[in-house]
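Have a look at the structure below before the remarks.
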Amino acid sequence: MKEKIIHFNKNIINIDDANKFLELPFEKSFKLKDTYNKVIDRILKTIKPNSLNKFKHDSNKSYFRIEQKPEGHIWHYDTGSSNQMLWCGYSASILLSNPNLIKSGGEVCFVNKIIKPKEHYLTCVNYRSNQKEDLNKHSVTSHTGTRIVLLIFLECY
């Protein structure tokens, strides 16, 4: 069975959850194994059925981070532009900041789908993305205003 391209779990978090994530330092990676977060745990339990591969809960590599990148991201797979994350078997992102704060841009672009900020807000977009399988190459358009996302990268068995 082929992995479904993209899954959406709408309103997987609420505004209070988003605000708590916004209090964390940006661009810092939090290893899942070393950082218990009940909201992250709930997200993982919710998206787990979407993946054909089991999440490796004792992974030393899986992590989450809060990111703000006005320049966006060029087309890439989540296994890394220089294959530095070949271990990444499943990914998830949630727009934490109110989409009304984005003046322009900030879309997540897959080959067959463009996700606008209003669709991404408090919604978990989750998928498998790797070059070896030519699966779910994507980009994020540059933006003006405030666009802050929660990113989760998971090692799988």
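General remarks:
- Only residues that are crowded, with 17+ Cβ neighbours inside 10 Å and touching a Lys or Arg at 6+ places or on another chain (Cβ under 6 Å) were counted in region 108-157, giving 2.
- Within region 5-27, the set of residues being surrounded by fewer than 13 Cβ atoms within 10 Å (Cβ to Cβ), not in a helix (DSSP H, G or I) and not aromatic (Phe, Trp, Tyr) comprises Lys10, Asn11, Asn14, Glu23, Pro25, Glu27.
- Of the residues screened, Ala92 is one that is hydrophobic (A, V, I, L, M, F, W, C), under 13 Å from the mean Cα position of the chain (by Cα) and modelled with pLDDT of 95 or more.
- Phe110 being aromatic (Phe, Trp, Tyr), at pLDDT 95 or above and more than 12 Å from the chain's Cα centre (by Cα): yes
The values are calculated or read from the model by the stated rules, or taken from the named source; none is laboratory data. On a predicted model such as this, the values are computed, not experimentally measured, just so you know. Ideal geometry is used to build each Cβ from the backbone, glycine not excepted, and the neighbour counts take in all protein chains shown.
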